[in-house]
1. How big is the chain by Rg and Dmax over its Cα atoms, in Å?
2. Taking the Cα atoms only, what angle lies between the long axis of helix 139-156 and the longest principal axis of the chain, rounded to 10 degrees?
3. Only four residue types carry charge here, +1 at the Cβ of Lys and Arg and -1 at the Cβ of Asp and Glu. Report the dipole size of segment 4-156 about the Cα centre in Debye, rounded to the nearest 20.
4. So what is the relative contact order for segment 4-156, in percent, with contacts set as C-alpha pairs under 8 Å and at least six apart?
5. Among the listed pairs 27/57; 27/154; 27/106; 13/96; 124/148, which have their C-alpha atoms separated by more than 25 angstrom in this model?
6. Between residue 152 and residue 112, what length comes free when the chain is fully extended (0.36 nm per residue of separation minus the Cα-Cα distance, one decimal in nm)?
7. Relative to the compact-globule scaling 2.2 N^0.38 Å, provide the ratio for the alpha-carbon radius of gyration of segment 104-158.
8. Which angle from 0 to 90°, rounded to the nearest 10, does the C-alpha axis of helix 77-101 make with the longest principal axis of the chain?
Amino acid sequence: MNDPLEILMNEHKEVLGIVDDISSNLKTFQDSPAETTPQLKELIEKLDSEFDVHSLKKEEQGLFPVMETFLPRDEGPIGVMIGEHEELVKRFQVFKEGLNEGDHDKVMDAGSYITSTLRDHIYKEDNILYNIARMHLSSEDMQKVYDKLMEIAKEYQS
Ligand SMILES: [Fe+2]
């Protein structure tokens with residue numbers, strides 16, 4: 001069976017890999033910011049574009065609309081996840097600004113927010129939201145989500 005949740009969970013592992021790389025670079029950043037800034041710039045671009053396709057497109061346009069037939073957006077976890085997506089995107093920008101301005105506190109603050117919030121966010125999706133999806137979605141629903149994910153992947157080549 002084509003399992004869209006499996007695809008999304010595998011993408012979470014990729015995102016967590018980038019988050020781990022950012023965390024370890026942030027440790028070095030405190031002592032040698034000049035040497036670490038190029039890697040961090042590269043990593044945040046990678047994270048931003050992964051997050052855009054995975055969270056803002058595949059989840060928000062593929063999975064969530066199908067779940068909203070039984071789980072109203074504003075009354076539960078979907079609304080919370082979307083709120084966290086929005087806040088994370090803002091912090092990605094703050095992090096980039098900090099790197100460009102050489103503002104070390106801004107980089108450290110945004111960096112620690114991004115790494116801790118993303119780990120927690122992905123944990124909640126893997127262990128709560130996707131379990132709710134697995135319990136409620138019919139195999140037709142799953143196929144519908146899968147088809148949408150394939151369409152998005154084709155469009156964004158990810
Ligand atoms: Fe996700």
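1. In Å, with Rg to one decimal and Dmax whole: 16.8, 53.
2. For helix 139-156, the angle is close to 40 degrees.
3. Here the size comes out at about 200 debye.
4. Details: 102 pairs, mean separation 52.7, N = 153.
Relative contact order of segment 4-156: 34 percent.
5. On the way: 27/57 32 Å; 27/154 37 Å; 27/106 14 Å; 13/96 23 Å; 124/148 23 Å.
The answer is 27/57; 27/154.
6. Extending this stretch completely gives an extra 11.4 nm.
7. Working: Rg = 16.4 Å, N = 55, 2.2 N^0.38 = 10.1 Å.
In units of the globular-protein estimate, segment 104-158 measures up at 1.63.
8. 20 degrees
Each value in this text was obtained by applying a stated rule to the coordinates, not by laboratory testing. Predicted model, so just to flag it, every value in this text is computed and none were measured. Heads up, the Cβs are rebuilt from the backbone with ideal geometry, glycines too, and the neighbour counts pull from every protein chain shown.
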